[in-house]
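Trainee: Shown below is the structure under consideration.
Values in this text are rule-based calculations from the coordinates and carry no lab data. Just so it is clear, the model here is predicted, and its values are computed rather than measured. Cβ sites come from the backbone with ideal geometry, for glycine too, and all protein chains shown count toward neighbours.
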Amino acid sequence: MRSTFPALLLAAGIALPAVGIAQPAPIKPGLWQMHLESDAIDPAKMREMEQQMKNMPPEQRQMIENMMKQHGMSMSAPGDIKVCLSKEQIAQNDGWQGRGDASCKSDTTRSGNTWKFHQTCPEPNPSETNGEATFVSPEKYMVKSTTTRPGDGKDKTTKMNAVSTWLGADCGDIKPIAQPKRK
C-alpha cells in the first residue's frame, strides 16, 4: 500500500502535461476522471491495494481516502483517479506543471489542439520527460509521455498514457491539486 500511493501521485502528476506557455489549457475546471496506463503502475499491485482497502476497518479506510482527497485525488478503480482542477489553476497553468516541482523547467510547443512538452527536473529526483497532450474538447484530453530517471547504473524509462474526462464543475469533497509556487 505504501509503495503504490507514491506511484499514483507520480502518475497523476505526469498525466498533467507540462505547459510552459502563457495560454491556459483549453479545458473546463472541475472534477476530472483520469484513466492511467503506465508501466510504473503494476496492475496486480493495484488490485492488491484495492482488496486491502476493502478489508480494512471502515475508519482506517476512511482515513486513507481522506488523505488521498487532501492530495487532490480519489481512486475509483485500478488505474482510474479522480482529480480536481480549479479555474485559477487552469488560468495560471498551476496543476499543469508535470511533476509539480518548482525547480523543474518546462518547454511546450503548440500546434492546434496538440501540445508537445519537454520537462527536466534536477536533483534530488532528476528526470526528463517528453510528452504530448491532445485536447479533444474542453471535456476530454489525452496525454502520452515518456520519463527517464537515473537508476542503479542504468537509466529507467517509464511510459504513461492517460485519458481524462471531465465529470462536472463540482469537485465535491476532493480538493484541487496543491501545486508549489514556481520561481
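Trainee: At a 10 Å Cβ-Cβ cut-off, how would you order Val143, Val136, Val163, fewest neighbours first? Could you put the intermediate results ahead of the total?
Mentor: Numbers: Val143 22, Val136 13, Val163 16.
Starting with the residue having the fewest Cβ neighbours, the order is Val136, Val163, Val143.
Trainee: Among Ile177, Ile27, rank each residue by its count of other Cβ atoms within 10 Å, from fewest to most, as a rough exposure measure.
Mentor: With the fewest neighbours first, Ile177, Ile27 line up as Ile27, Ile177.
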